[in-house]
Amino acid sequence: MIPYGRQDIDAADITAVTDALKSDWLTTGPAVPRFEETVARRCNVRFAVAVANATAALHIACLALELQPGDVLWTTPNTFVASANCALYVGADVDFVDIDPRTYNMCADALAAKLVAARASGGRLPKVVVPVDFAGQSCDMARIRMLANEYGFRILQDASHAIGAEYRGTPVGSCRDADITVFSFHPVKIVTTGEGGMALTNDPVLYSRLALLRTHGITRDVAGMTGESHGPWYYEQVYLGYNYRMTDLQAALGTSQMARLDVFVARRRELARRYDRLLSQMPVATPWQHPDTNSAWHLYIIRLDQQAIGKSRRQVFEAMRAAGIGVNVHYIPVHLQPWYGKLGFSAGMFPEVERYYEEALTIPLFARMTDADQDAVVTALKNVIQ
Ligand SMILES: *Cc1c(COP(=O)(O)O)cnc(C)c1O
């Protein structure tokens, strides 16, 4: 089976982890700040907080942005459930903004229209908006920033798919337009630490909150204490935080992986261009790219013209799997999940994403993929749909 995505671990990665195992630290030691500095420098951002996974990063980002019960967070329905669940963790509500049918990202026009409608009807405006850089392509961040300035919401960018991507020539993660940007280092993503995530920001206040929330809300820094120190052992819990720490083993792997980020993304871009070419004569839509963006290509998604093909997406999916091609579907729209159904969402509310979901198929793309692997995917697809 050619998987839809897979990690790339080399000898240097293995050495980095075994070196960490032989060191004095296993959980957070010197490797964590080294990894944070490596990512921050690469992304041209001031602060980085490494955590256990991106879901934890989204959770503490919502807390740092002071999202509370009574507030509402808006995100895209075309994402992994974690981008929405983070609001529920803090007792806030969730709403969705439909996608742009070309990029499959949150549609900035739909966001603007929903903001206008909310203001006009005296409805709730969002406190936090979570744009997701779907498949590795940045959202229209400048437009979302302008809307944030006008309507007073904070921007929590879920860039779990997009480390190594650029927007208008600056790296995703720079937080030029976002208050906080989050990365995931799950093995199917661009760079892995096994499990891992990171929250990035240029705001020193948000940074200090994120750093505290990662480790129980405890500080050993006198400057952050409310009372007198009892002595050198003294620490204070000043927030209700969590144990969301990353280990040194994971961070050592992350720093080693970051040395190859550019190689990973270059190969993904090359494979994406090759797919574009190889699929150009077939009854499928290849992923459109906005000229302001340079995707990291976490995923390569085609939309099937089921009428022209004479087969359903499900039939194509099953035939591809039977042919040994690990196709997948990203994503089941979050508002169609039963949990969100209980919150009042239902089919028909976000028609663009629902139409997209009926036609979408993720085909394999990963840094280690060979041209021969890719040719096998294309041949299998041709056999299935022609
Ligand atoms: C993978 C992913 C997450 C969650 O990442 P974890 O590190 O597994 O917690 C969140 N949002 C998006 C868009 C993702 O793809």
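The values are calculated or read from the model by the stated rules, or taken from the named source; none is laboratory data. Being a predicted model, the structure only gives us computed values, none of them experimental. Cβ placement follows ideal geometry from the backbone for every residue including glycine, while neighbour counts extend to all protein chains displayed. When the accessible area is computed, the model is the full protein with side chains, heavy atoms only, and any ligands, DNA or RNA have been set aside. Shrake-Rupley method; radii C 1.70, N 1.55, O 1.52, S 1.80 Å.
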Roughly how many whole Å is it from the C-alpha centroid of the range 221-264 to that of the range 350-386? 40
In the neighborhood of V378, defined by Cβ-to-Cβ distances under 14 Å, what is the net charge if each Lys or Arg adds +1 and each Asp or Glu adds -1? 0
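For the range 157-297, state the average projected area of the convex hull of the C-alpha atoms over all orientations, rounded to one decimal in nm². Let's see the in-between values first.
Details: hull surface 44.5 nm².
Over all viewing directions, the range 157-297 projects a mean Cα-hull area of 11.1 nm².
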By accessible area of protein heavy atoms, probe 1.4 Å, what ranking do D19, D93 get, highest first? D19, D93
If you split all Cα-Cα distances of the chain into 10 Å bins from zero, what percentages do you get per bin, shortest first? 5, 23, 31, 25, 12, 3, 1, 0
Cα-based Rg of the range 263-305 per 2.2 N^0.38 Å, rounded to two decimals? 1.17
If I model a spin label at R355 and E318 as a point 7 Å from the Cα along the Cα→Cβ vector, what separation in nanometres do I get? 2.7
Given the candidates A117, P101, G29, the one whose Cα lies deepest towards the positive end of the charge dipole of the chain, counting +1 at each Lys or Arg C-beta and -1 at each Asp or Glu C-beta, is P101
Using a probe radius of 1.4 Å on heavy atoms only, what accessible surface per residue do you get for the range 191-239? Whole Å² is fine. 53
The alpha-carbon pair-distance distribution computed for the range 157-197, with 5 angstrom bins and whole-percent values, is 6, 27, 29, 21, 12, 4, 0
Expressed in nm², what is the orientationally averaged projection area of the convex hull enclosing the Cα positions of the range 65-146? 5.4
Considering just Cα atoms, how many Å³ per residue does the convex hull of the range 1-160 enclose? 151
How many nm separate the modelled label positions at K342 and D19, each set 7 Å beyond the Cα in the direction of the Cβ? 4.8
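May I ask for the equivalent-ellipsoid semi-axes of the range 175-241, computed as the square root of five times each C-alpha gyration tensor eigenvalue and listed largest first in whole Å? Kindly include the intermediate steps, with their values, before the conclusion.
Details: eigenvalues 177, 49, 12 Å².
Three semi-axes, in Å: 30, 16, 8.
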Rank these by accessible area, largest first, 1.4 Å probe: R34, R313. R34, R313
Over the chain, with every protein chain in place, what whole percent of the accessible area is carbon and sulfur at 1.4 Å, could you tell me? 53
Per principal axis, largest first, the Cα atoms of the range 214-330 extend in Å by 75, 30, 30
With DNA, RNA and ligands ignored, accessible area of S121 (1.4 Å probe; Å², nearest 10): 90
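Rolling a 1.4 angstrom probe over the protein heavy atoms, how many square angstrom per residue are accessible across the range 1-84?
Details: 3680 Å² over 84 residues.
For the range 1-84, the solvent-accessible area averages 44 Å² per residue.
Nearest 5 percent is fine: what portion of the DSSP beta bridges confined to the range 92-209 is antiparallel?
Numbers: 7 of 13 bridges.
Beta bridges within the range 92-209, antiparallel portion: roughly 55 percent.
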Fraction of antiparallel bridges per DSSP, the chain only, in percent to nearest 5: 65
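Just the number please: accessible area per residue for the range 99-184, 1.4 Å probe, all protein chains included, in Å².
Working: 2750 Å² over 86 residues.
That works out to 32 Å² per residue.
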Given 44-52, 373-381, the highest-first ranking by average Cβ count within 10 Å works out to 44-52, 373-381
Once both labels are modelled 7 Å past Cα along the beta-carbon direction, what's the R46-N383 spacing in nm? 5.7
Per-selection Rg to Rh, the range 266-386 - Cα, Kirkwood hydrodynamic radius: 1.00
Give me the percent of Cα-Cα pairs in the range 1-96 that sit more than 23 Å apart, rounded to a whole number. 49
Report the semi-axes of the equivalent ellipsoid for the range 101-211 in whole Å, largest first, where each axis is √(5λ) for an eigenvalue λ of the Cα gyration tensor. 25, 17, 12
